[in-house]
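S.K.: The structure is given below, and queries will be raised subsequently.
The values are calculated or read from the model by the stated rules, or taken from the named source; none is laboratory data. Computed from a prediction, not measured in an experiment: that's the story for all the values here. Counting neighbours? That spans all protein chains shown, and the Cβs are built from the backbone with ideal geometry, glycine included.
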Amino acid sequence: MNKFRFTIKIFAIAIFMFAFVSIAQAQATRTWVSGVGDDANPCSRTAPCKTFAGSISKTATGGYIDCLDPGGFGAVTITKSITIQCEEETGHILASGGSAIIVNAPAGARVTLRGLSLEGIGGLGTNGISYIGPPGVLNVQEVVIHDFAQNGINFAPNGAGNAQLNVSDQTLIHDNNGGNINFSGILIKPTGGATANVSIDGVKCSNNANGVFADGTGGGGVTNFSVTNSVLVSNSNVGVGVSSSGANFGGMVASTTINFNVFGVAVAGSAAALRLGGNTITHNVTGVFNSGGTLESFKNNQVVANLTDGTPIPAVSVSGNIVN
């Protein structure tokens, strides 16, 4: 009897190990999706899956999902390091409820999204991209995000550590909740003590409530962000702004066009800081606005033709010297 039980136990362990190995082998470094694919497929190039959600479960950590054609590949929650790239054939996500992409991966995970079109279907979707996991890295490149009820990108890392967001390469974020000033094209709002380091380069944010906004009310740590070579236009509240009375939230805006907003640049709260260099701030209702924060200039901005240009901006002080 004991020998029989021992044999059964060994047999059960062997089955478990075989299943484990089979699952591991099923996860490929590179997978593919297609509008005519099937999630029952192995997600290979010749037998692609139909959705990102179906493909991600068959893609190894650190792997790649590619698009074979410009299909609609469905909303997805990302729970590991991965790259979704569709430069040659745009990958569409139509989100009729919730967020198009949720990133909730382990601490230190690296996620890259490239060549996607995220569509909120007239406000039925909540956020284009919502980063809510522990601190890691999110790269957004050549992505179009539009018509969501709240934010184009909601960057809200949660937990101690340094989180990084990089948005670049002609990413276009437009028409996301133009009526509620709590939402933005790109909202930076770390929580749980997270520190956010954000780089925005070559991006256009238009017809949102705010273009780019760093919000210090979420209980995050220090936030540093930069906006360079970008266009922040026709947002119904602020082109670029920062608000914080607790944790230090600071930003640098350079070589950027900021026009046709209610406030071109806005700073509020004793722990909020913004420094400006080489920007064109024009045709806003108010060009620059400061309510108790730090707003400084490298003295090479063009603040002109706003309904109200705003008060003069003090020069940035570097190592005790005034930079003009």
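S.K.: Considering only residues that are out of contact with any helix residue (DSSP H, G or I) (no Cβ under 8 Å at 6 or more places or on another chain) and among the aliphatic types (A, V, I, L, M), which ones fall in the range 52-78?
M.R.: If the condition is that a residue be out of contact with any helix residue (DSSP H, G or I) (no Cβ under 8 Å at 6 or more places or on another chain) and among the aliphatic types (A, V, I, L, M), then 53, 56, 60, 68 are the ones that fit.
S.K.: Please specify each residue of the range 40-63 satisfying the condition of being buried (at least 17 other Cβ atoms within 10 Å of the Cβ) and touching a strand residue (DSSP E or B) at 6+ places or on another chain (Cβ under 7 Å).
M.R.: Answer for the range 40-63, where residues must be buried (at least 17 other Cβ atoms within 10 Å of the Cβ) and touching a strand residue (DSSP E or B) at 6+ places or on another chain (Cβ under 7 Å): 41, 43, 48, 49, 50, 51, 52, 55, 56, 58, 59, 63.
S.K.: What residue, among those in the range 216-261 that are among the hydroxyl-bearing types (Ser, Thr, Tyr) and assigned to a loop (DSSP other than H, G, I, E, B), is modelled with the lowest pLDDT?
M.R.: 245
S.K.: Is it the case that the range 312-324 has a residue that's part of a strand (DSSP E or B), in contact with a Lys or Arg (Cβ under 9 Å, 6 or more places away or on another chain) and crowded, with 21+ Cβ neighbours inside 10 Å?
M.R.: Scanning the range 312-324 turns up no residue that is part of a strand (DSSP E or B), in contact with a Lys or Arg (Cβ under 9 Å, 6 or more places away or on another chain) and crowded, with 21+ Cβ neighbours inside 10 Å.
S.K.: Being over 18 Å from residue 169 (Cβ atoms), in a strand (DSSP E or B) and of a type in the set (A, V, I, L, M), is that true of even one residue in the range 106-127?
M.R.: Looking for residues that are over 18 Å from residue 169 (Cβ atoms), in a strand (DSSP E or B) and of a type in the set (A, V, I, L, M), one finds none in the range 106-127, hence no.
S.K.: Next question, about the same structure. Hey, any hits in the range 21-30 for a residue that's farther than 27 Å from residue 136 by Cβ and modelled with pLDDT under 80?
M.R.: Yes, the range 21-30 has at least one match.
Each row is one residue, and each column tells you yes or no for (1) buried (at least 17 other Cβ atoms within 10 Å of the Cβ); (2) at pLDDT below 95; (3) among the β-branched types (Val, Ile, Thr).
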site	(1), (2), (3)
152	yes, no, no
158	yes, no, no
171	yes, no, yes
181	no, yes, yes
186	yes, no, yes
192	no, yes, no
198	yes, no, yes
205	yes, no, no
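S.K.: Could you tell me how many of the residues in the range 262-277 are part of a loop (DSSP other than H, G, I, E, B) and out of contact with any helix residue (DSSP H, G or I) (no Cβ under 9 Å at 6 or more places or on another chain)?
M.R.: Selection size over the range 262-277: 2.
S.K.: Going by the structure shown, is residue 60 assigned to a strand (DSSP E or B) and at pLDDT 95 or above?
M.R.: Yes: the conditions hold for residue 60.
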